[in-house]
1. Where the accessible area of the chain is counted over protein heavy atoms with a 1.4 Å probe, how much of it, in %, is carbon and sulfur?
2. Please work out the FRET efficiency for the pair residue 322 and residue 180, using the Cβ-Cβ distance as r and a Förster radius of 41 Å; give the result to the nearest 0.05.
3. Loop-only check: which trypsin sites (Lys or Arg not before Pro) in segment 94-140 are DSSP coil with at most 10 other Cβ within 10 angstrom?
4. Using only the alpha carbons of segment 51-178, determine the length spanned along each of the three principal axes and report them from longest to shortest in whole angstroms.
5. May I ask you to derive the relative contact order of segment 110-183, considering only C-alpha pairs under 8 Å and at least 6 residues apart, and to give it as an integer percent?
6. Kindly give Rg over Rh for segment 241-384, based on alpha-carbon atoms, with the Kirkwood expression for the hydrodynamic radius.
7. What is the diffusion coefficient of segment 131-271 in µm²/s, taking the Kirkwood radius over Cα pairs and the Stokes-Einstein relation at 25 °C with a viscosity of 0.890 mPa s?
8. Could you work out how much longer the chain between residue 306 and residue 239 gets when fully extended? Use 0.36 nm per residue separation minus the Cα distance between them, nm to one decimal.
Amino acid sequence: MMNLTLQLSLQCAPLHVSVKSSTSTSTSTATRSWSCYASLSIPQPSNVNVLNGTPLSSDRKEIRLGLPSKGRMSNDTLELLKNCQLSVKQSNPRQYVAEIPQLSNLEVWFQRPKDIVRKLLSGDLDLGIVGLDTLSEYGQGNGDLIIVHEALEYGDCRLSLAIPQYGIFENINSLEELAKMPQWTENKPLRVATGFTYLGPKFMRENGLKHVTFSTADGALEAAPAMGIADAILDLVSSGTTLRENNLKEIEGGTVLESQAVLVASRKSMVQRKGVLETTHEILERLEAHLRAIGQFTVTANMRGSSAEEVAERVLSQPSLSGLQGPTISPVFCKRDGKVTADYYAIVICVPKKALYKSIQQLRAIGGSGVLISPLTYIFDEETPRWRQLLSELGL
Ligand SMILES: Nc1ncnc2c1ncn2[C@@H]1O[C@H](COP(=O)(O)OP(=O)(O)OP(=O)(O)O)[C@@H](O)[C@H]1O
Ligand SMILES: O=P(O)(O)OC[C@H]1O[C@H](OP(=O)(O)OP(=O)(O)O)[C@H](O)[C@@H]1O
Ligand SMILES: [Mg+2]
């Protein structure tokens, strides 16, 4: 037997923190100092090569999109794609490969979120949808991973440091106060339990916390302080219920990142693999068109006026009625005394859902009547700013 060292290559300055598995709670457990990389020693039989995926030179022709196979991101991802008219056809939930009929030559592979990131890096996937937290943790700032859409509007959560509400932490409410506590020394560092063994140490280093040690576990981290395994935890928080139920609290300055689902692509794939860039463009356009539309309503109203311009002036005098590119105003013709006239105009504008009631009040104030509200399905712009940005990032 020999020791196989898994090196999580960290692009960081030397940092003296150590990581150990939380399954061994004894303080005598051998821990290794992190000095630019974290080493987790795992006994393995000799001559074992652990590869994560196939070599990059893979000459497959299909384009591959990785989607979360389980967990909370899975259903929301399929729902989002369906709303973009990109329904995933999976004949059986245990089948890990599927297709999106609208996108030819595309395979969907269902994977755990962290494996989506790993497989993007190994070249086994070209595109993926994951939480920003997972991307940041497992992507470790690798320049091959490019975020194509950074706000898919689900999977909202934050990665936060949390400490007990009780005991020595009762009056500690900020990272600064935590760092200044006299309790943390080289021999007795602050013990943090986390599944984020890359982002955790990086955050502590960037915030000047010197005496910190990390233990890792896959779930139910909130129990670690009460069990005496850790002083603090670094985990995802959404509603805050799990923290509260375990008598833990977040602290000022303790948020490592705000996360939501993102579309990510491999730079190499987009540049080198035929069709990836075009498919990325189509997915991006559909996502943007849908996501822009869900925040808006179409509002139609009638308004008396002497001309389209005069009605437009009245509409544009109201702050919430300018729409996406100004109002569309069309004459409503009617026959009066045998003569066709247009003394009414129909106005059509897009209004943010949040501003709906305010908009209706403003419409009424300028003489609008018969107001109709309808949902919007898609808003396709001429060219999306994200596409421009992607091309410039790729040097194209
Ligand atoms: N409480 C939460 N609320 C909202 N989004 C969350 C929450 N917890 C996690 N997420 C988001 O969902 C993603 C997937 O989390 P999920 O718990 O489903 O899977 P996982 O933690 O990767 O897998 P597992 O828990 O099975 O090990 C996370 O990476 C994060 O982006
Ligand atoms: O702030 P809240 O809304 O309470 O959510 C936070 C919890 O959600 C996640 O756990 P998850 O439910 O994914 O369970 P897991 O630990 O098994 O991953 C996270 O790890 C927290 O424990
Ligand atoms: Mg989870």
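The values are calculated or read from the model by the stated rules, or taken from the named source; none is laboratory data. Since the model is a prediction, treat every value here as computed from it, not as a measurement. Quick reminder, even Gly has a Cβ in these numbers, built from the backbone with ideal geometry, and neighbours come from all protein chains shown. Keep in mind that these areas ignore ligands, DNA and RNA; they rest on the heavy atoms of the full protein, side chains included. Shrake-Rupley method; radii C 1.70, N 1.55, O 1.52, S 1.80 Å.
1. Heavy-atom surface of the chain belonging to carbon and sulfur, 1.4 Å probe: 50 percent.
2. According to the calculation, E is roughly 0.20.
3. Sparse-neighbourhood loop trypsin sites (Lys or Arg not before Pro): 94.
4. 58, 33, 26
5. Relative contact order for segment 110-183 comes out at 22 percent.
6. Ratio of gyration radius to Kirkwood radius: 1.20.
7. Rounded, D is 154 µm²/s.
8. Length difference between fully extended and current span is 18.8 nm.
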